[in-house]
Amino acid sequence: MRITLHEVSKGRGGQALPVTSLEFHTGAVRFALAETEQRPTVLGLIASGRMRPDAGRVTLDGAENAKELRRRVALVDAPDVSDPHADITLAGVVGEELMFAGVGATPLHARRWLAQLGFAELASVPIGTVDPAARVRIMCELAVLRDGVEGIVLVAPDRHGGSPDGWWRIAGEFADRGYAMLVIIGGSAAVALERMQEFDAINASGPIQPLVLEESGATSGPEAPESEAPIENGGER
């Protein structure tokens, strides 16, 4: 399975999502850079067939088929769309997802499922306090329980904090299991992944600009001429 976004954009002048092209496929994990609060979710919705772009197109194995794309690609942890409320217990989240997957979904089923995954002690913990790597593991395992899912679009795992190496390794494990994996992240996490060469992190949407940290006291623009009068206390330039 190969999903390709061909110069897609959303919103007037690309405000919701600027022109973006990327590709992810079965057996590999890729990351895509999307900044601002809204864009990661918009990109995730488009990449998983749940939102139509205003420009460009999305193809599945070379053909446009949004319905099939929605069936085969799960959208995981997208803010305001598929992320669980932070105060819900992990067992509650698991129970709901088990129900959607069409399997036993009682509190006992949820606790047993978590125990099998090695997270029995977290059953009563609010999901908003779960370790980021554990959260990604649990959410992705729940996603692939649904019939026909062959790929995952994981949205903004970096927003939960922690080091990128945990959730990135987990995404790689799902790729090794035969899933197509796209992880949508912000600039700081993208730079960190590109610096971690041992992870072989591949940016699906092309190279990113490195973060530039200005030295303390440095100016961002050209130096003022020596003849320019200093600013008095309380004055404005």
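The values are calculated or read from the model by the stated rules, or taken from the named source; none is laboratory data. Here the structure is a predicted model, which means the values were calculated and not measured. Positions of Cβ are generated from backbone atoms using ideal geometry, with glycine treated the same way; all protein chains shown enter the neighbour counts. Surface areas here come from the heavy atoms of the whole protein model, side chains and all, with no ligands, DNA or RNA. Shrake-Rupley method; radii C 1.70, N 1.55, O 1.52, S 1.80 Å.
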Next item on the list: Could you list which residues have their amide H under 5 Å from that of Ala55, counting only those 5 or more apart in sequence or on another chain, with H placed in the peptide plane?
Entry: Ser9
Margin query: Can you list residues from other chains, or at least 5 along the same chain, whose modelled amide H is less than 5 Å from the amide H of Asn65?
Written below: Leu60
Notebook entry, point to check: Near the amide H of Val125, under 5 Å away, which other amide H atoms are found, from residues 5 or more places off or on another chain, if H is placed in the peptide plane?
Noted result: Leu90, Ala91
Next item on the list: Subtracting the Cα-Cα distance from 0.36 nm times the residue separation, let me have the gained length for Arg195 to Ala86 in nm, one decimal.
Entry: 36.1 nm
Check: Rg to Rh for the range 111-203: what is it, with Cα atoms only and Rh by Kirkwood?
Finding: 0.97
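If r is the Cβ-Cβ distance from Arg112 to Arg159 and R0 is 25 Å, what FRET efficiency results, to the nearest 0.05?
Details: r = 30 Å, r/R0 = 1.19.
Once rounded, the FRET efficiency stands at 0.25.
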Notebook entry, point to check: When the chain is fully extended, how far beyond the present Cα-Cα distance does Arg177 get from Ala55, taking 0.36 nm per residue of separation?
Noted result: 40.6 nm
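Evaluate E = 1/(1 + (r/R0)^6) for Ala63 and Val103, where r is the Cβ-Cβ distance and R0 equals 22 Å; express this FRET efficiency to the nearest 0.05.
0.10
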Margin query: Probe radius 1.4 Å, ligands and nucleic acids left out: which of Met99, Met51, Met181 has the largest accessible area, and how do the rest follow?
Written below: Met99, Met51, Met181
